[in-house]
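The structure appears right after this line, and notes come after that.
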Amino acid sequence: MTRIVSAFRAALLVLLMAASAVWAQSDDINFDIWEQVAQRAETAVDSNSISSTALEDLRSSIASFRDRLLQQQSAADPRLATLQSQLDALGPIPDTGEEPAELAQRRDELQAQIAELEAPIKRAEEAYNRADGLIKEIDEIIRARQTDALLERGPEPLDPRLWPGSFDELVAPIRTISSEISTNWNNENRRTEFIDDLPAILLTLAIAILLVFRAPRWIDRLGEWLRRRTRRGTGVWNTLLSLARLALPVIGVTLVVQAGDVSGLLGPVGAEMSYILPIVILTFLLTRWLANETFSSDDNVRTIPLPQQERRTGRYYGTILAVFLAISVFLGYLIQTVQVSPETQAVWSFPLHLVCGLLLFRFGRILRKAGPEPNDSPDTEDTSAHVTFPARLARLVGQAAIVLGLLGPVLSAVGYLNVAQAMIFPTIASFGLFALLLILQRLIGDLFHLITGRELDQSQSLLPVLSGLVLSIVALPLLALIWGARVADLTELWARFQAGFTFGDTRISPTDFLTFIAVFAMGYLLTRLLQSGLRGSVLPKTRIDQGGRTAIVSGTGYLGIFLSAVIAITAAGIDLTALAFVAGALSVGIGFGLQNIVQNFVSGIILLIERPISEGDWIEVNGQHGTVRDISVRSTRIETFDRTDVIVPNADLVSNSVTNYTRGNVLGRLIVDVGVAYGTDTRKVEDILYKIARNHEMVLMNPAPFVHFKGFGADSLDFDVRMILRDVTKTLVVRTEVNHQIAETFMKEGIEIPFAQRDIWLRNPEALTGAQETGEQPEPVSDVKEAPQ
């Protein structure tokens, strides 16, 4: 348990160490001091005799130097690029090795200057590699020592011979504290000081009693008042008030400790033991608070979906666990302070391991029952579909708790005290961290309700997913510290992240990525703003048609994104020379795999430049008629007259035949076919058709409509009327109206529109009559002939 407390303290030190590392990087490197530190580290690694604490301090110094060395490698003199470009301008040395003396002298001067400027960088690179190697060796030594200490077998706590001595050794500090108080009270000077400070001590104790016993009731009354006055964000206020109920008693106990310190009656051991009391009380209250919030009695607070009975049981076991965790913290501090024997530590730790292990087992049984939300229908067949992610995670954690809760006390009983502690208490701390994450996740939903006035839909909203992801990432370092990771391990990961990776002769660091993203995002934003200005303000005031406007806006977007990428790469200082060979090797394979995509992309650029089709055009491609709705980089979206979208690859529009009915204008020809019966006056029919065509408002007179007498059909005299319409998109409307007028006019003029007829000729009708009289089925004896009317 002590290791867990120190882990949380270490988490607070990470930020301080990071800040000190940044401050240290601002100083120049003294290579003489670095050489002394490196030699001392190499000696310590070779001897493997100094303590782990000293190794950690030595590692911290080396890590500070390594960070500054990395910074010096990145901070190259800008003159290097200028000198290198001058040297490149001289060209390569001739194959014969002979060149003019003036050029040779200038080349030597430039190479000498470049070597002089590169010397600090190369020295820093050599020292960085040395520091990195020393850190790895120190980490290996410390991990090996930790493994040996973890697997070391100690005394067996079930041996009755160890119990009397362990009891006496643990009671000794209490006797020492009593003796210190008695000695100080018998000292007249101390007693006089105590009496002089008695008013301040009493006042402090009175305030502490109010904070411990009365303040929680005041907070409850405040909560009831807020619930009556406010309807939004009640979950937020309840959480804050519960935290206040946790903090005020801890402050009260701290005041009690302060009063004891002011009294002067406590000796060195008593004063040192009193300082742990606020931490003990905080451990108890925090554990109970996490249990009460996780297994809340309020059905509206569903941190983990469990039945009410299981939540009540969880709160009960949470209170018991809080008591034993507080005792464990106190005993751990006492064992460290008094330096008790391993036998005493094993004897007094085993009951704690046993009880905490059994509580873990019970918590695991409860968490395994996490299931559907309470408002789900109980008669649903597939209940697994309603199980939320926190419920699934709770089941998994519950299974692990059952195994570790049983295994930990067994190992402690056979003498593996360190292994039992490394299994039981980190598991409990992980439970607490898991509960804290669930409470924070719920608090985010309550904040959403407080701000917007709407309940957060967990199944539809993206906010719970994003907040859960962020909380999980933040919790990972804490989880690593709980399970035995060192602060140095976390800082090492951060150092590796800062160092980036080397590709060829180029080192790419996270700073380069951040610079690239920032510059590219700025360029992308400016490109979108320019497109919006062109689309909304500039292009509508010109005479450019809609297709041309779309092409200009799209081209501006492609050009802007390309320039943004180039400028971002340049600003980040990323040298793409090393990547050129890899890109050349991959281009062949990518070319085969992305051939169609590249072809469609190029075709899209051609469509935007040549503009054979534009948005709003009526086209026909691959047998599909429709209106062009969108032209993108890869494909074009066409809306058919059935109101369905057809996605056509741009390559088809460039390589295949495309009919554009509205390119440039919307004029188009309409042909209406009509037939009349034989014997009709063809001149009269022609005049009627001309009159109908010329009188229609959608038909142009230039060119004039034309009536074509096509010929003599099998059933009719065939005509067609050819008209040029003002708007070809009105073809169906005009055709329908013209057909109506033709039918009405022909009816008035007595002109018949022929249609096919069938005449049935019976060869022997008397056979049919006889069959009807006898009731027999006659044989088919008729001939069917088709004749026009």
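Below is a table of values for the structure above.
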quantity: Single match in Ala583, Ala568, Ala485, Ala495 (criterion: within 30 Å of Ser430 (Cβ to Cβ) and either modelled with pLDDT of 80 or more or surrounded by fewer than 12 Cβ atoms within 10 Å (Cβ to Cβ) (or both)); calculated: Ala485
quantity: Unmet criterion (only one of (1) out of contact with any Phe, Trp or Tyr (no Cβ under 8 Å at 6 or more places or on another chain); (2) outside any loop (DSSP other than H, G, I, E, B)) for Val685; calculated: (1)
quantity: Strands (runs of 3 or more DSSP E) contained entirely in segment 601-652, each with at least 2 residues that are open to solvent by 70 Å² or more (accessible area, probe 1.4 Å) and not hydrophobic (A, V, I, L, M, F, W, C); calculated: 624-631
quantity: Filter result (open to solvent by less than 20 Å² (accessible area, probe 1.4 Å) and not aromatic (Phe, Trp, Tyr)) within segment 348-373; calculated: Ser349, Leu352, His353, Cys356, Gly357, Leu359, Leu360, Gly364, Ile366, Leu367, Ala370, Gly371
quantity: Among (1) touching a helix residue (DSSP H, G or I) at 6+ places or on another chain (Cβ under 8 Å); (2) surrounded by 11 or more Cβ atoms within 10 Å (Cβ to Cβ); (3) of a type outside the set (A, V, I, L, M); (4) at pLDDT below 90, the one test that Gln777 misses; calculated: (2)
quantity: From Val646, Val658, Val676, residue being in contact with a Gly (Cβ under 7 Å, 6 or more places away or on another chain) and modelled with pLDDT of 85 or more; calculated: Val646
quantity: Wholly within segment 210-275, helices (runs of 4 or more DSSP H) carrying at least 2 residues that are open to solvent by 30 Å² or more (accessible area, probe 1.4 Å) and without any contact (Cβ under 8 Å) to a residue 40 or more places away in the chain; calculated: 215-229, 234-263
quantity: Residues that are closer than 13 Å to Ile613 by Cα and either of a type in the set (A, V, I, L, M, F, W, C) or in contact with a helix residue (DSSP H, G or I) (Cβ under 7 Å, 6 or more places away or on another chain) (or both), drawn from segment 652-669; calculated: Leu653, Val654, Val658, Tyr661, Thr662
quantity: Residues being crowded, with 16+ Cβ neighbours inside 10 Å, among the hydrophobic types (A, V, I, L, M, F, W, C) and under 30 Å from Phe601 (Cα atoms) - total across segment 653-687; calculated: 3
quantity: Single residue of Asp46, Asp95, Asp27, Asp88 found to be modelled with pLDDT of 85 or more, loosely packed, with under 11 Cβ neighbours inside 10 Å and of a type in the set (D, E, K, R); calculated: Asp46
quantity: Which listed residue is charged (D, E, K, R) and within 24 Å of Val487 (Cα to Cα), from Asp88, Asp32, Asp67; calculated: Asp67
quantity: Cβ-Cβ under 9 Å pairs, at least 6 apart or on other chains, segment 426-439 side without any contact (Cβ under 8 Å) to a residue 60 or more places away in the chain, far side open to solvent by 20 Å² or more (accessible area, probe 1.4 Å) and not in a helix (DSSP H, G or I); calculated: Ser430/Trp483
quantity: Candidate set: segment 101-125, residues that are charged (D, E, K, R) and under 18 Å from Ile29 (Cβ atoms); chosen: the one nearest to the chain's Cα centre (by Cα); calculated: Glu125
quantity: Tally, over segment 445-497, of residues that are touching a residue at least 60 places away in the same chain (Cβ under 8 Å) and among the polar types (S, T, N, Q); calculated: 2
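Here is a yes/no grid of residues against (1) open to solvent by 60 Å² or more (accessible area, probe 1.4 Å); (2) charged (D, E, K, R); (3) within 17 Å of Thr491 (Cβ to Cβ):
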| site | (1), (2), (3) |
| --- | --- |
| Arg130 | no, yes, no |
| Ile142 | no, no, yes |
| Asp148 | yes, yes, no |
| Pro155 | no, no, no |
| Pro164 | yes, no, no |
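The values are calculated or read from the model by the stated rules, or taken from the named source; none is laboratory data. As the structure is a prediction and not an experimental result, all values here were calculated from the model. Reconstructed Cβ throughout: ideal geometry from the backbone, glycine too, with neighbour counts over all protein chains shown. The accessibility values were calculated without ligands, DNA or RNA, using every heavy atom of the protein model including side chains. Shrake-Rupley method; radii C 1.70, N 1.55, O 1.52, S 1.80 Å.
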